[in-house]
Amino acid sequence: KYVGKALRRIEDPKLITGKGTFVDDIQLPGLHYVAFLRSEYPHAIIRVKRTDGIFTGHDVNPGKDFPIPSNEVTYAGQPIAAVVARDRYEAYDLLESVEVEYEQLPFETDPFQAMENKVKVYSKLESNIFVKKEFFSGEAKKILEESPVVISGELHNQRIISTPMETIGTVAWFDGQRLNVWSSTQSAHYLRRNLAKFLGIQNVRVIQPDVGGAFGSKIITHPEEYALSYLALKLGIPLKWIPTRREEMVSAGHGRDKWLRYKVGVKRDGTITSVVGTVVGNLGAPYQDANDDDSGNVISAARMLPGPYKISHGYVVAYGVNTNLTPTTSYRGAGRPEATYFIESILEEIATELNLDPLDVRLRNVVRPEEMPYTNPFGITYDTGNYVELLNLAKSYYEQLKNEAKSSNSCVGLAMYVEITAFGPWETARVYVKYDGKVTVISGTGPHGQGDPTAFAQLAAETLEIPIDWVDVRWGDTEIIEDGIGTWGSRTLSIGGSAVLMASQELKKRLTEAGAKALDADVEEVIYAEGKVTHKKTGKSVEFLDIVKSAYKNGISLDVTSVYTVKKPTTPYGVHMALADLDRETGMVKVRKYVALDDVGNVINPLLAEGQIHGGSLQGIGQALYEEAVIKDGLLENGNLGDYSLATAVESPKIVWKYFTIGLSPHPTGSKGIGEAGTVVGTPAVTNAIVECLKRKFDSMPLKPERLIG
Ligand code: MCN
Ligand code: MO
């Protein structure tokens, strides 16, 4: 009744009437404000003069350069001292009085140079190479040599900046017994674990208030969050920290910045025979939380390089390298957009070189349905789906877009993807009914704009066969559910939702038991339907509220917590197409129309899923055409929203979304993730359109107007 319906979000009325509570709305008696002084240089030894109200690395973690440096800074924008004041204006005024001496050191921002270790980006590192991993199968190098056609080159998926509407920010208050933390985060539980470990105390409560987006940048615990919590514990007064947009852009959400050097063997008919590649990720400065996170994405970019194509011979080596730039973290798609941009640019190059139709080249190479589940040469298993069928379904849309393109200044780009979503290790859900008959669903995840709470309500209402407005959904507080993982990797609906489903099913059992008690019958003699329990023989029934009363009277607990453990992630896939108009005189590109076809298994709420495709694809378009972190001499030059161009509603094309449920996921919801699909594939769909127009390849993005003329 509810699952599969395009319901509007239950969380919206509060948010769109301005009644949300974001971290900056938190007020506490005696609240003080913290601001951070930030390094002006990419690499230097610092000496900060310690005076009243100014806290340095020596105060927070003496002798260590974590979470804020005592001695050595490794990127411009790194927090180096904190000031505490009565309000935000006083805090920023106070910052100006802090005296810092910098002794500049040689710095390196290029990852290939950094790999040579001539300049150590941090004096305590043994090597700038944070991680190196190789993956291979078959005889990639030999087959490559024997291939009739070899294409080769370098591609850069540029550094971009995650820019949610709300910046990061934290309030922390030690009440004498417990440290209470409110943070604009993607996971209250994860932040609690990190803070408890760093501070060496157990009694930490973290609350995720309403969050205005994150896109991956609020997964890790940021240095300021550690430092602020430490100061709150030490000073015993409530502290608030909210960065300015510029501070956020120099320090918080850098992502991507991954390179591929490749050689690909191809037959004349477009069949790929071998892929040999080196993937290098510029991780930026040493910061364990960020480097652990994004080096995983470098490896994922390497292992997903084959895309949905059957490539038996492959060799790839992946490096995650430290430099003197802002540390990178997960940014929507996290490794899969890079892999997809790499392989889809390569397929476009094959089509151009061999004069083949882009859709035909893909059809020739995709994994066949009879080969599913398929394990790619780098060990990633694609579970379910039919890539051939989806490409065939895409044909008519592709032809139609080409017809709409008409002139040679309008071109259609096509890109396909397979990605991995719904990561483990597990997720929790708690579902309970109070005496008033209201059903509360609590999730251990941390949705922050995606709409999962509405889907959770749909799953619970459908399982319990009750009206959806009896269901209340809550999340983002470590006190209301024992533990949790969080929201990232498009896992929330599939994994968090599966936990909700399990808990709701168990609750239904208990309600049935309570209903039977009320009817003086055995459980076998009754059935539960539409929120009522009915005696099969007598036809007598009890209403929901009376079932609940019977449960309380008979000591049957209606409070269920379930943990759903993930055995494997799952692999959604799709084909996206962009119709772009190129003004050959000015080089301006306008994406006029965008068609997205996705198979994400069961779709629980098509409206929510479509919203994800709209936002995600527009971000994908933004990376192709507009976004880049411009860095000169180790300093970010466009760290503000005037200079950093994001795609807005004005740049948005008409987006058409169709979904096909061909391959179910192994999770109880049958769903695969869709939260990142648009950014995974949107970028190459657009760059490929421009390659179609200009018949020349590009090795980096964004495709700015000045690069497209002449
Ligand atoms: N959905 C569905 N059926 C499916 C899959 C999803 O109905 N088969 C719905 C879900 O109910 C949910 C939405 O689509 O409302 C996305 O669900 P899911 O794919 O599980 O992704 P997550 O909720 O885990 O979201 C995480 C993902 C990530 S990793 C980033 S980054 C990202 C994204 O979501 N950041 C976002 N989308 C964002 N959207 C907003 N508004 N803000 C962000 O910061
Ligand atoms: Mo994410």
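Points worth noting:
- Within the stretch 198-237, being crowded, with 24+ Cβ neighbours inside 10 Å, assigned to a helix (DSSP H, G or I), touching a helix residue (DSSP H, G or I) at 6+ places or on another chain (Cβ under 6 Å) and of a type outside the set (Ser, Thr, Tyr) holds for one residue alone: Ala227.
- Selection status of Ile272, buried (at least 22 other Cβ atoms within 10 Å of the Cβ), out of contact with any strand residue (DSSP E or B) (no Cβ under 8 Å at 6 or more places or on another chain) and in contact (Cβ under 8 Å) with a residue 60 or more places away in the chain: no
- Some residue of the stretch 676-684 being surrounded by fewer than 24 Cβ atoms within 10 Å (Cβ to Cβ), of a type in the set (S, T, N, Q) and not in a loop (DSSP other than H, G, I, E, B): no
- Options Gly253, Gly281; residue that is at pLDDT below 95 and within 19 Å of the chain's Cα centre (by Cα): Gly253
- Restricting the stretch 129-147 to residues that are touching a Gly at 6+ places or on another chain (Cβ under 8 Å) and part of a loop (DSSP other than H, G, I, E, B) leaves a set whose member that is surrounded by the fewest Cβ atoms within 10 Å (Cβ to Cβ) is Gly138.
- Taking the stretch 549-641 and the strands (runs of 3 or more DSSP E) fully enclosed by it, no element has 3 or more residues that are hydrophobic (A, V, I, L, M, F, W, C) and out of contact with any helix residue (DSSP H, G or I) (no Cβ under 7 Å at 6 or more places or on another chain).
- Candidate set: the stretch 311-346, residues that are away from ligand 2 (no atom under 16 Å from the Cβ) and within 20 Å of Phe698 (Cβ to Cβ); chosen: the one surrounded by the most Cβ atoms within 10 Å (Cβ to Cβ): Tyr341
- Of all residues in the stretch 384-415, those being farther than 22 Å from Ile350 by Cα and without any contact (Cβ under 8 Å) to a residue 24 or more places away in the chain number 5.
- Selection count, the stretch 213-244, where residues are farther than 19 Å from Gly57 by Cβ and away from ligand 1 (no atom under 16 Å from the Cβ): 6
- The residues of the stretch 512-531 that are in contact (Cβ under 8 Å) with a residue 40 or more places away in the chain and under 20 Å from Lys1 (Cα atoms), listed by number, are Tyr528, Ala529, Glu530, Gly531.
- Residues (surrounded by 15 or more Cβ atoms within 10 Å (Cβ to Cβ), within 24 Å of Pro358 (Cα to Cα) and small (Gly, Ala, Ser)) located in the stretch 393-445: Ala394, Ala405, Ser410, Gly413, Ala415
- Restricting the stretch 489-509 to residues that are within 8 Å of ligand 1 (Cβ to nearest atom) and not hydrophobic (A, V, I, L, M, F, W, C), the residue that is nearest to the chain's Cα centre (by Cα) is Gly489.
The values are calculated or read from the model by the stated rules, or taken from the named source; none is laboratory data. Not measured: the values here are computed from a predicted model. Glycine gets a Cβ as well: all are built from the backbone with ideal geometry, and neighbour counts include every protein chain shown.
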